[in-house]
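Take this structure, written in structure tokens, and hold onto it; I'll ask about it next.
The values are calculated or read from the model by the stated rules, or taken from the named source; none is laboratory data. What you see is a predicted model, and the numbers here were worked out from it, not measured in a lab. Cβ placement follows ideal geometry from the backbone for every residue including glycine, while neighbour counts extend to all protein chains displayed. With ligands, DNA and RNA removed, areas are computed over all heavy atoms of the protein, side chains included. Shrake-Rupley method; radii C 1.70, N 1.55, O 1.52, S 1.80 Å.
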Amino acid sequence: MSLTSAATLATLERTGPRRITDLAAVEGVTQPAMTALVRVMEESGLVERRGDASDKRVTLVCLTEAGASYVRTRHQAGVHAFERLIGGLTGDEAEALLAALPALKHLAELESQDREAPKQ
């Protein structure tokens, strides 16, 4: 799976159903590219398209249970990888990492805000 596909699934898991145009903007790709990507993920059973109850002209891309399971599995694999790596640190290194966690969390929040901000 491409990084854009995985990122799109993670965005849907985090933010809920989105329009293709919104997904394209968040992931930094063109609308035609996102349409093609959604089609492939739809054929794979990871997403589905649904009408928007508030606007019948709009189609939303939604994560399926299989897509949500994929995102959870990838997340858990990342957690296990970090656990193994952190286990190899010295005590001082582990303490330094622990002290850096607030700054790392802030960086992740900034990155998330940046990804979801409309591109100009």
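With a 1.4 Å probe and every protein chain kept in, tell me what percent of the accessible surface of region 33-120 is carbon plus sulfur.
59
Moving on. Applying a 10 Å radius around every beta-carbon, put 108-114, 3-9 in order of their mean neighbour count, most first.
Ranking the peptides 108-114, 3-9 by packing returns 3-9, 108-114.
Mind checking the angle between helix 31-43 and the chain's longest principal axis? C-alpha axes, 0 to 90 degrees, to the nearest 10.
It works out to around 80 degrees.
Compute the acute angle (0 to 90°) between the alpha-carbon long axis of helix 3-15 and the principal axis of greatest extent of the alpha-carbon atoms of the chain; round to the nearest 10°.
Here the helix axis deviates by roughly 80 degrees.
Hey, what do the phi angles of region 89-102 turn into as Karplus ³J(HN,Hα) couplings, whole Hz, using 6.51/-1.76/1.60 and θ = phi - 60°, x for Gly and Pro?
7, 6, x, 5, 5, 5, 5, 5, 5, 4, 5, 7, 4, x
Relative contact order for region 46-114: what percent, with Cα pairs under 8 Å and sequence separation of 6 or more?
Numbers: 31 pairs, mean separation 13.0, N = 69.
Contact order relative to length: 19 percent.
Right, another one. Which residues' amide hydrogens lie under 5 Å from the amide hydrogen of Val47, considering only partners 5 or more residues apart or on another chain, with H built in the peptide plane?
For Val47, the qualifying residues are Glu42, Thr64.
Taking only protein heavy atoms into account and a 1.4 Å probe, give the accessible area per residue of the chain in Å².
So the chain comes to 67 Å² accessible per residue, rounded to a whole number.
How do 39-50, 83-94, 60-71 rank on mean C-beta neighbours within 10 Å, highest first?
Packing proxy ranking, top to bottom: 60-71, 39-50, 83-94.
Moving to a separate point now. In whole Hz, with x marking every Gly and Pro, tabulate ³J(HN,Hα) for region 53-61 from phi via Karplus 6.51 cos²θ - 1.76 cosθ + 1.60, θ = phi - 60°.
Karplus values, whole Hz, x for Gly and Pro: 4, 7, 8, 5, 7, 9, 10, 10, 8.
Then there is this: Which option, (i) 33, 17, 12; (ii) 34, 13, 11; (iii) 29, 17, 9, is the value of semi-axes √(5λ) of the Cα gyration tensor in Å that was calculated from these coordinates?
Computed from the coordinates, semi-axes √(5λ) of the Cα gyration tensor in Å corresponds to (i).
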